[in-house]
1. With farther than 29 Å from Met16 by Cα and modelled with pLDDT under 85 as the only criterion, which of Lys131, Lys93 stands out?
2. Give the residues of the range 121-177 that are farther than 25 Å from Leu76 by Cα and in contact with a Gly (Cβ under 7 Å, 6 or more places away or on another chain), sorted by residue number.
3. Here are some residues: Ser145, Ser151. Which one is in contact with an Asp or Glu (Cβ under 9 Å, 6 or more places away or on another chain), loosely packed, with under 15 Cβ neighbours inside 10 Å and at pLDDT 75 or above?
4. So, in the range 176-207, of the ones that are modelled with pLDDT of 80 or more and of a type in the set (A, V, I, L, M, F, W, C), which residue ends up surrounded by the most Cβ atoms within 10 Å (Cβ to Cβ)?
5. Looking at the range 1-75, what helices (runs of 4 or more DSSP H) fall wholly within it and have at least 2 residues that are of a type in the set (S, T, N, Q) and more than 10 Å from the chain's Cα centre (by Cα)?
Amino acid sequence: MSFWPEFLLIAVVHLMAVASPGPDFAIVLRYAVRFGRKQALAASIGIGVAILLHVTWSLVGIAVLIQTTPWLFKLLSLAAAVYLTYIGIMALKSQPSSHPDTMVASEVSERVPTSFKAFAAGFITNGLNPKATLFFLSLFAVIISPVTPLSYKIIYGVYMSIATAAWFCMLSVVLTHTKVRGFLLLKGYWFDRAMGALLLALAMHLVVSSFSN
């Protein structure tokens, strides 16, 4: 079999999926605007690493169990929705800085999460999304041939993990450019609130769509 046609098809489909707005995008945008490049990059890497979780589940067949066991899918959907709701509520509580003139030059350090917490936020947001698992299951079942060697499938999975992290890292760099972030920081609480509303909407959509199946 030919490796490259299958790989290129997977790359295109994956790029379209990762570039579409969703919980991952919302988390990276919030961290970039509110906390800066370091935290946004950490969250981006967390999202990329979480991709390996979905790939592993797909390869070992756990994703099939999620798809064929409605209560398990609903449980994971509820867990993801609860986490997104929590983050959304925290974002909606965002307040304008009492000293906007000094906000760009200096941020309140105790409010900035550590890189590990930012990484964990990205990892959990993507890892708890059962629809991401089903996406990769469909990808492996529909696009990837049954005769594709396991080594190729592992390469595909590693590529998608790295590509996902790279995409969001690039987004983080753009959003945290000095001039861009200077503007976003001054109006950051509005972006925070908008992201909070988006996260709550995504959580509601996740619950409704999962329990309506």
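The values are calculated or read from the model by the stated rules, or taken from the named source; none is laboratory data. What you are looking at is a predicted structure, and each value in this text was computed from that prediction instead of being measured. Positions of Cβ are backbone-derived with ideal geometry, glycine not excepted, and every protein chain shown enters the neighbour counts.
1. Numbers: Lys131 fails: farther than 29 Å from Met16 by Cα.
That would be Lys93, the only listed residue that is farther than 29 Å from Met16 by Cα and modelled with pLDDT under 85.
2. Residue satisfying the conditions is Thr176 alone.
3. Values: Ser151 fails: in contact with an Asp or Glu (Cβ under 9 Å, 6 or more places away or on another chain).
From the options Ser145, Ser151, the qualifying one is Ser145.
4. At the first step, the residues of the range 176-207 found to be modelled with pLDDT of 80 or more are 176, 197, 200-201, 204.
Keeping just the survivors that are of a type in the set (A, V, I, L, M, F, W, C) gives 197, 200-201, 204.
Working: Ala197: 14, Leu200: 18, Ala201: 13, Met204: 14.
Here the answer is Leu200.
5. Values: elements: 3-19, 23-34, 37-60, 62-68.
Counting at least 2 such residues, we get 37-60, 62-68.
Residue-by-condition table, conditions (1) within 24 Å of Ser151 (Cα to Cα); (2) among the polar types (S, T, N, Q); (3) exposed (fewer than 14 other Cβ atoms within 10 Å of the Cβ); (4) at pLDDT below 80:
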position	(1), (2), (3), (4)
Arg34	no, no, no, no
Lys38	no, no, no, no
Ile45	yes, no, no, no
Leu52	yes, no, no, no
Leu59	yes, no, no, no
Tyr86	no, no, yes, no
His99	no, no, yes, yes
